[in-house]
Amino acid sequence: MPEGHTIHRLAARHRTLFAGQPVRVASPQGRFAAGAALLDGRTLIDTEAYGKHLLHHFADESTLHIHLGLYGKFADGDLPAPPPVGEVRLQLAGERHWLELRGPTACEVLDPVLVAVLRARLGQDPLRDDAQPGLAYARVAASGKPVFALLLDQTVVAGCGLIYANEVLFRAGLAPTTPGRAIGTQCWDELWEDLRALMKEGVVRGRIDTVHSAHTPEAMQRAPRVDRHGGEVYVYRRTGQACLVCGTAVSRGAMAGRNLYWCPSCQP
Ligand SMILES: [Zn+2]
């Protein structure tokens, strides 16, 4: 599933392509036909991301809410738009560009009240300037759940996914099983700041890199990582390989149905 940095990149891209323009909206597949009819011809005012949720705000206070889930995918390009092929849930066209969405978990029109409801159930997003990490910490400090599960809980931290959760815990030297209530204020502040910095870098680069400069392929004179997600990481999907810091084999386990990766030496 795309992590928050991908959704923030999409929000920025869609703002560049369409903000301030009246747009044509259609649902070639038909599953979003009623919503598309509501939005068709309106001006797209602005876009924003909140965790893994993408919002397109339209004139007249309607908001298009999209959650990509596991299979959702956007495509865009210069007009004219290609004829829709297959299951295109949403097709949008502005003055010069088109946008296409397939396979999302959510694609719906929300009014301001429902947007507020959505935001209220989401936690703090490290990529947003209005984030309040103290609110997330209050939830963490009151919980006996493992910090790994809390980082992935979208009602605590919005936008953090599997790769960032595994990697930020490695970088902090924290065992993923550490209960939330054992995380002190300073430890949380450092975790949050590191997560924020890593995710901001992800927005710029369009991929997740989490290794310090001393552990890049160039610095270590090793071959770059080969993995479909791309970036250079310490533990994510590196089961059995040598830890880049201490050489211990990276471990894998499952927690709350998610894959957990850690170095038994660096994260005792
Ligand atoms: Zn290690």
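Here are the numbers:
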{"item": "Close pairs (7 angstrom Cβ cut-off, 6 or more residues apart or separate chains): over 25 Å from Phe148 (Cβ atoms) in region 212-236, loosely packed, with under 11 Cβ neighbours inside 10 Å and not basic (Lys, Arg) anywhere", "result": "Pro217/Ala223; Ala219/Ser213"}
{"item": "Those residues of region 208-222 which are surrounded by 14 or more Cβ atoms within 10 Å (Cβ to Cβ) and either charged (D, E, K, R) or under 22 Å from Thr6 (Cβ atoms) (or both), in sequence order", "result": "Ile208, Asp209, Thr210, Val211"}
{"item": "Positions within region 162-184 being part of a helix (DSSP H, G or I) and within 15 Å of Trp262 (Cβ to Cβ), in sequence order", "result": "Leu162, Ile163, Tyr164, Ala165, Asn166, Glu167, Val168, Leu169, Phe170, Arg171, Ala172"}
{"item": "Selection count, region 166-191, where residues are free of Cβ contacts under 8 Å to residues at least 60 places away in the same chain and of a type in the set (A, V, I, L, M)", "result": "5"}
{"item": "Region 242-261 - residue that is aliphatic (A, V, I, L, M) and surrounded by fewer than 16 Cβ atoms within 10 Å (Cβ to Cβ) and, of those, farthest from Arg225 (Cα to Cα)", "result": "Ala256"}
{"item": "Check on Ala12, surrounded by fewer than 18 Cβ atoms within 10 Å (Cβ to Cβ), touching a residue at least 24 places away in the same chain (Cβ under 8 Å) and within 14 Å of the chain's Cα centre (by Cα)", "result": "yes"}
{"item": "Every residue from region 217-255 that is part of a loop (DSSP other than H, G, I, E, B), among the aliphatic types (A, V, I, L, M) and more than 15 Å from the ligand (Cβ to nearest atom)", "result": "Ala223, Val226"}
{"item": "Subset of region 25-41 that is of a type outside the set (Gly, Ala, Ser) and part of a helix (DSSP H, G or I) - its residue that is farthest from Ala93 (Cα to Cα)", "result": "Leu38"}
{"item": "Selection from region 202-216 of residues that are within 18 Å of the chain's Cα centre (by Cα) and more than 16 Å from the ligand (Cβ to nearest atom)", "result": "Gly202, Val203, Val204, Arg205, Gly206, Arg207, Ile208, Asp209"}
{"item": "All positions within region 212-241 that are aliphatic (A, V, I, L, M) and under 19 Å from Cys263 (Cα atoms)", "result": "Ala214, Met220, Val233, Val235"}
{"item": "Matching entry among Ala26, Ala19 (being buried (at least 18 other Cβ atoms within 10 Å of the Cβ), in contact (Cβ under 8 Å) with a residue 12 or more places away in the chain and touching a strand residue (DSSP E or B) at 6+ places or on another chain (Cβ under 7 Å))", "result": "Ala26"}
{"item": "Which listed residue, of Val113, Val117, is surrounded by fewer than 18 Cβ atoms within 10 Å (Cβ to Cβ), closer than 30 Å to Ala26 by Cβ, under 21 Å from the mean Cα position of the chain (by Cα) and not polar (S, T, N, Q)", "result": "Val117"}
{"item": "Residue count, region 83-95 (criterion: loosely packed, with under 11 Cβ neighbours inside 10 Å and either in contact with an Asp or Glu (Cβ under 8 Å, 6 or more places away or on another chain) or in contact (Cβ under 8 Å) with a residue 12 or more places away in the chain (or both))", "result": "1"}
{"item": "Residue in region 256-268 that is at pLDDT below 95, outside any strand (DSSP E or B) and within 14 Å of the ligand (Cβ to nearest atom) present", "result": "yes"}
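Listed here are the residues, each with its yes/no results for (1) in contact with an Asp or Glu (Cβ under 6 Å, 6 or more places away or on another chain); (2) under 18 Å from Met1 (Cα atoms); (3) modelled with pLDDT of 95 or more; (4) not basic (Lys, Arg).
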position	(1), (2), (3), (4)
Pro176	no, no, yes, yes
Arg181	no, no, yes, no
Thr185	no, no, yes, yes
Asp189	no, no, yes, yes
Glu201	no, no, yes, yes
Gly206	no, yes, no, yes
Gly230	no, yes, no, yes
Cys243	no, no, yes, yes
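The values are calculated or read from the model by the stated rules, or taken from the named source; none is laboratory data. Predicted, not measured: the structure shown is a model, and the values here were computed from it. Please note: Cβ atoms are built from the backbone with ideal geometry, for glycine as well, and neighbour counts cover all protein chains shown.
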